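Notes follow the structure.
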Amino acid sequence: MRKTLLALLVLNLAGCVDMPTLRHANPDLPKAWPASVPVGKEEPRLHEWWTLFNDTALTALIEEALKYNSDLLLAAARIEEARAALGLTDADRQPSVQLGGSAGRTRATEKGSFPLPSPINNKFQVNIQAAFEADLWGRYRQASAAARADLLASEYAREVVRASLASTVAQATFQITALDATLALTRDTLNNRRETVDLHKLRFDGGIASELPLRQVEAELAGVEATQAELTRQLRQQETALALLLGRSPRGLVEDPLARGKPLDLLTPPPLIPAGLPSDLLARRPDLRQAEQQLAGAEARVLRTKAAIYPSLSLTANLGSESKALSNLFSGPATIWGIGASLVQTLYNAGRTEATLKGDAARQEQALLEYERTLRVAFKEVLDALVATRQAREAEAAESRRAQALARAAELADLRYQNGVSNYLEVLDAQRSLYQARQNLIEARRAGLAASSALFKALGGGWPLQTETSPPGERG
């Protein structure tokens, strides 16, 4: 009866701690993404979506970044740290065994109250000690679960860096390709402007035309030259930024040229997202999975602290040999052994356990809120990328029509000037508008490709065109 009452007292003391109520994630997801027209018949490779652009240079640049980028290497090192932490936590669930040995020689006084027959004494000892704490309430099991969640979270964190890096490299490559195209357009425009300046100078020197058209075309030439200088600056800075993303050395930043891929108009546009694609495909995004694992780890730590409220049972054992003489150390009479068990229950620690539990519960609430925030941000990014992708294609088509119309308008303006119907300012305005329209067309193509890469990143890789295939977690 006394033992039963003691057990009830221990459990009652444990029950005095105020247990927090944990909330769990319950996302409210739409059934599908907004519809759009699917293009193409091949299913994208979810983790190598950049190959869909059919540009070997782009693929090589992204693969180089995924191999040498400093942020990605740092994320990999954090994974190894988390794996080591998991190994340490799992080790707490296993028995510990130690082998020890000692040798000593002492001399006692011969003039004491109880003189010894032999004042010099030898002592040799060898023993094996084992200790094990029974995980009755799952404290160590939950600690291992928390560490395992941390490891998975660190692995998904690397995937977050990987996805962001691939998208950033792709967009930087598209930007460089667009700048190359704009510079080529500007050089052609400069050649035309120089020819026009030479022509007007001849006309002015010959007294055929006034000075005004000459100064107008000279001013236009200077403006295009200034634009070329600014575009060159932007291109060089973009190249340096991309080389840094690739993880190149300081020497490589200066000396190694970047590979050039296909022109923008020759890159294969990826297919649009099919109509009715389920929104739960978003669950494969690495940042969402990272947030899920962080939430799981926080919940496991709450359960670990709860388990620490209850008694802990420790078992110990030792086996060895002890002798005054080394020659008798391993004889039968020299054998020593011992076994023991201890049960420990915390009765009072000034509220430390309850404070720890409240702190763990607060961190679990933070992890839940962070997961919900990450989910909302993910949906926003997907919706924004869907809109950007569709509108970029419409903008490119409109800019193409505009450039064609302005090219014809420039021809007509030149004819009007040659026939004396209008002044040269009308020709300059038409040429200036055509140059701007062609720049806008290049930018529209770049924006469309960049929006596609952003959509791949937002969806965690890509999307299957057959929506009735395996669940999202089993794809790719």
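The values are calculated or read from the model by the stated rules, or taken from the named source; none is laboratory data. Here the structure is a predicted model, which is why all the values come from computation and not from measurement. Here the Cβ is made from the backbone with ideal geometry for all residues, glycine too, and neighbour counts use every protein chain on show.
Evaluate region 144-153: report whether one residue or more is surrounded by 17 or more Cβ atoms within 10 Å (Cβ to Cβ), closer than 30 Å to LEU61 by Cβ and in the same structural domain as GLN431 (by TED's automatic domain parsing). Yes: region 144-153 contains one or more residues that are surrounded by 17 or more Cβ atoms within 10 Å (Cβ to Cβ), closer than 30 Å to LEU61 by Cβ and in the same structural domain as GLN431 (by TED's automatic domain parsing). Listed by first and then second residue, the pairs linking a residue in region 134-158 that is touching a residue at least 12 places away in the same chain (Cβ under 8 Å) and within 27 Å of THR316 (Cα to Cα) to a residue that is of a type in the set (Asp, Glu) and not in a helix (DSSP H, G or I), with Cβ atoms under 6 Å apart and 6 or more places separating them unless they lie on different chains, are TYR140/ASP92; ARG141/ASP135. Do the conditions hold for ALA341, that is, is it over 30 Å from TYR156 (Cα atoms) and free of Cβ contacts under 8 Å to residues at least 60 places away in the same chain? Yes, satisfied. Candidates PRO115, PRO119: the one that is free of Cβ contacts under 8 Å to residues at least 24 places away in the same chain, surrounded by fewer than 20 Cβ atoms within 10 Å (Cβ to Cβ) and out of contact with any Asp or Glu (no Cβ under 8 Å at 6 or more places or on another chain) is PRO115.
Contact annotation: residue pairs with Cβ atoms under 7 Å, 6 or more positions apart or on different chains, pairing a residue in region 82-93 that is within 13 Å of ASP135 (Cβ to Cβ) with a partner that is modelled with pLDDT of 90 or more and of a type in the set (A, V, I, L, M, F, W, C), are THR89/ALA143; THR89/ALA147; ASP92/ALA143. The numbered conditions (1) assigned to a helix (DSSP H, G or I); (2) touching a residue at least 40 places away in the same chain (Cβ under 8 Å); (3) not assigned by TED's automatic domain parsing to the domain that holds ALA149 are all true for PRO333 except (2). When the criteria are applied in full, LEU288 meets the requirement of being part of a helix (DSSP H, G or I), under 30 Å from SER167 (Cα atoms) and out of contact with any strand residue (DSSP E or B) (no Cβ under 8 Å at 6 or more places or on another chain). From ALA317, ALA259, ALA275, grab the single residue that is among the small types (Gly, Ala, Ser), modelled with pLDDT of 85 or more and in the same structural domain as LEU152 (by TED's automatic domain parsing). ALA259 is the lone residue from the list that is among the small types (Gly, Ala, Ser), modelled with pLDDT of 85 or more and in the same structural domain as LEU152 (by TED's automatic domain parsing). When you scan region 297-323, how many residues do you find that are farther than 26 Å from TYR348 by Cβ and assigned to a helix (DSSP H, G or I)? Residues in region 297-323 being farther than 26 Å from TYR348 by Cβ and assigned to a helix (DSSP H, G or I): 4 in total. THR109 meets the conditions (1) under 30 Å from SER321 (Cβ atoms); (2) β-branched (Val, Ile, Thr); (3) modelled with pLDDT of 90 or more in every case but one. The failed one is (3).
The one condition from (1) surrounded by 15 or more Cβ atoms within 10 Å (Cβ to Cβ); (2) under 30 Å from GLY252 (Cβ atoms); (3) among the small types (Gly, Ala, Ser) that ALA85 does not meet is (2).
Using the structure shown, decide if PRO213 is in the same structural domain as ILE176 (by TED's automatic domain parsing), outside any helix (DSSP H, G or I) and modelled with pLDDT under 90. In short, no.
So which of ARG408, ARG402 ends up being at pLDDT 90 or above, surrounded by 17 or more Cβ atoms within 10 Å (Cβ to Cβ) and assigned to a helix (DSSP H, G or I)?
Result: ARG402 is the single residue among ARG408, ARG402 that is at pLDDT 90 or above, surrounded by 17 or more Cβ atoms within 10 Å (Cβ to Cβ) and assigned to a helix (DSSP H, G or I).
Taken over region 127-147, the criterion of being closer than 27 Å to GLY338 by Cβ and of a type in the set (D, E, K, R) is satisfied by GLU133, ASP135, ARG139.
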